[in-house]
Structure formats: structure tokens, C-alpha cells
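All remarks here apply to the structure that follows.
The numbers here are math on the coordinates, done by the rules we state, and not lab data. The shown structure was predicted, so the numbers you read here are calculated from the model rather than taken from an experiment. When we count neighbours, we look across all protein chains shown, and the Cβ atoms used for this are built from the backbone with ideal geometry, even at glycine.
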Amino acid sequence: MRRRDGPSAQVLLALCGAGFLLFNFPLLLIWDQPLTVLGLPLLPVALFAIWAGLILALAWVSVPRSGRGTREAEEDKDG
């Protein structure tokens with residue numbers, strides 16, 4: 001079987017579940033207020049922030065870390 005680099009399936013499912021929950025209707029009502037952020041309505045700003053946060057979280061878990069890999073990964077890095 002081929003070894004797969006990157007985040008585990010559990011982490012990807014957790015991020016997907018977080019996205020579904022954060023973009024779900026009842027939680028979006030929290031941000032549907034007559035407020036503005038730097039002159040922009042709160043709901044679109046919150047949607048963009050949630051979307052950007054999910055992308056940043058995916059990027060953070062996808063970056064290989066030193067000490068997290070196997071001995072083979074360390075040997076590849078050394079030369």
C-alpha cells in the first residue's frame with residue numbers, strides 16, 4: 001500500500017465537520033446582527049473570516065513538521 005503524506009483522515013473529517021457546523025443556519029444567526037466592521041456588514045465579514053480560518057487550519061495541518069514524521073522522512077531531509 002502506498003504511504004500517504006499529509007493530514008490524517010480524522011483531521012480532514014474534523015475540519016469538514018467544523019465547516020458544516022460553522023456554515024450551518026442556526027450558527028449563522030449569531031452573525032446576523034445590524035452591526036458593521038470597518039463599514040462592512042457583520043455577516044459577510046464573519047463568513048469570510050470563517051472561510052479563511054478553515055483554509056488556514058487546513059494549511060496548518062498539511063505542513064510537514066519536524067519530529068512528526070518517520071525516520072525515513074528525516075533521512076530524506078538529511079540527504
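Points worth noting:
- Residues of the stretch 1-29 that turn out to be outside any helix (DSSP H, G or I) and in contact (Cβ under 8 Å) with a residue 12 or more places away in the chain, as a count: 4
- Qualifying residues in the stretch 7-45 (those that are small (Gly, Ala, Ser) and either surrounded by 10 or more Cβ atoms within 10 Å (Cβ to Cβ) or under 20 Å from the mean Cα position of the chain (by Cα) (or both)) - the one nearest to Arg65 (Cα to Cα): Ser8
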